[in-house]
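Take a look at the structure set out below.
Just so you know, all these numbers are worked out from the coordinates, no wet-lab data involved. Bear in mind the structure is a predicted one, so any value in this text is a computation, not a measurement. We place every Cβ from the backbone using ideal geometry, glycine too, and count neighbours over all the protein chains shown.
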Amino acid sequence: MTRIVIFSGNTGWHEERLQRAFAGRGVETAVISLTDCVLTAGARAGVAIPGIDDTLPDACFVRAIPDGSFEQVTFRLDVLHALEECGVPVCNPARAIERTVDKGMTSFLLARAGIATPPTWVIESEADARRRVTQELSAGRRLVAKPLFGNCGRGLVLIDAPEQLPPAPQMEGVWYLQQFVERPPGPNRDWRVFVIGGRAVAAMERVSAHWITNRARGAQCVPAILDDDLRALAEAAAKTLGTHYTGVDIIRDAAGRLLVLEVNGVPAWRGLQSVHDADIAALLADDLLRRLPRRRSSIGN
């Protein structure tokens, strides 16, 4: 029987949906934390995954990577890299997760590919960060400071005065500064477009009275029409970052232009599922099963 490992720190709504989808396709699954895996080097170099005996799974789905120290997170990504080296399909691949979890690299790659995204600066020098803030504010442009590694809208600071630049400890010594996107009049809105296997499959609008429109911060999720412009921009962003599945955050500015804000390498989809008829977990399961190799790899091979 085909065996899929779902990497997550716990079994919740998303994991249960995935397990149900795989079970409906005759696939055995196990929810396992990356913290419990072991890398081995020597005569039998490989990856030991609890409950999988001496063989590797047919594929792995990364639902969540637990927080930890720099060394711990590096090790957890190493496990994903190692599995790929052993021929196990991993969704999302470690490199895609590394690129998307790092907002600075995401912005760099989007801009380099010619994908519309707000001007952004990633700066380690506090003096340089202050100069950039002063320059942008003098030109009438507000900035948003974001944690380089962060999610769910946590830690965002709107800067419309020089003294609002967050201190170094709050930013872990690196300032990610992005031009604030002035929206059209009315409630604050943006889109989350879900892309699976290179194809945009669903979209929702997030509407809020606050400038931060994350669902986790209280924004309302409403159905959205996935038009050609949203579809093309989201699919281009997903391709650029190398994701197998992703949630692409897109915003429209006051001039009517669509801009990519973020590309999420380990996205949740509960809010999207609440306003969409398609079974997102089923689509994810089908995409991963299409990536299976012809035969299973073993530890040491």
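Structural remarks
- Across the chain, the longest piece that holds none of the GluC sites (Glu not before Pro) lying in DSSP loops with up to 15 other C-beta atoms within 10 Å covers 1-123.
- Rounded tilt (10° steps) of 228-241 against the dominant C-alpha axis of the chain: 60 degrees
- All-pairs alpha carbon distance profile, the chain, 20 Å steps from 0, percent: 32, 55, 13, 0
- Inter-label distance, nm, simple model (7 Å from Cα along the C-beta direction), ARG25/THR55: 1.9 nm
- Among the trypsin sites (Lys or Arg not before Pro) within the stretch 202-301, those in coil by DSSP and having at most 12 neighbouring Cβ atoms inside 10 Å are ARG257, ARG294, ARG295.
- Only the Cβ atoms of Lys and Arg (+1) and of Asp and Glu (-1) were treated as charged; on that basis the dipole of the chain about its Cα centre amounts to roughly 440 debye.
- 0 to 90° range, to nearest 10: angle between helix 280-290 axis and the chain longest Cα axis: 50 degrees
- Taken over the alpha carbons of the stretch 120-179 as equal point scatterers, the Debye sum produces base-10 log I(q)/I(0) values at 0.15, 0.19, 0.29 Å⁻¹ of -0.36, -0.58, -1.36.
- Residues MET105, MET1 in ascending order of nearby Cβ atoms (within 10 Å, fewest first): MET1, MET105.
- Centre separation in Å (Cα based) which lies between the stretch 149-184 and the stretch 76-106: 26 Å
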